[in-house]
């Protein structure tokens, strides 16, 4: 069922199906809806905070000069928007207990 080391959309839907009792189709629709809302918010430039889990943060990086490590030639790196994730303290504590 589950790939080693990877949690998939299907795994999430299966968990909802078992724990909540929704049909598999409804469970998958719920997962897709939640992920869609997260993606839409990020596309609008909003940060997404999931209490007890973490925050997806958007950051605009300015243009800067980089260096090609193979040739040593300086090249401009274009400005861009990057996405990062900051885990909540609760998640950090849970992961740290291994």
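The values are calculated or read from the model by the stated rules, or taken from the named source; none is laboratory data. Note that this is a predicted model, so its numbers are computed, not measured. Ideal geometry is used to build each Cβ from the backbone, glycine not excepted, and the neighbour counts take in all protein chains shown.
Some notes on this structure:
- Taking each residue of the stretch 58-69 that is outside the structural domain of residue 81 (by TED's automatic domain parsing) and looking for partners that are in a loop (DSSP other than H, G, I, E, B) with beta-carbon atoms closer than 7 Å, six or more apart or interchain, yields nothing.
- Test: residue in the stretch 57-75 that is surrounded by 12 or more Cβ atoms within 10 Å (Cβ to Cβ), modelled with pLDDT of 95 or more, closer than 20 Å to residue 9 by Cα and in contact with a helix residue (DSSP H, G or I) (Cβ under 8 Å, 6 or more places away or on another chain): no
- Test: residue in the stretch 77-90 that is at negative phi, part of a helix (DSSP H, G or I), surrounded by 10 or more Cβ atoms within 10 Å (Cβ to Cβ) and more than 16 Å from the chain's Cα centre (by Cα): yes
- Against the numbered list (1) closer than 19 Å to residue 84 by Cβ; (2) free of Cβ contacts under 8 Å to residues at least 24 places away in the same chain; (3) part of a helix (DSSP H, G or I), residue 35 comes up short only at (2).
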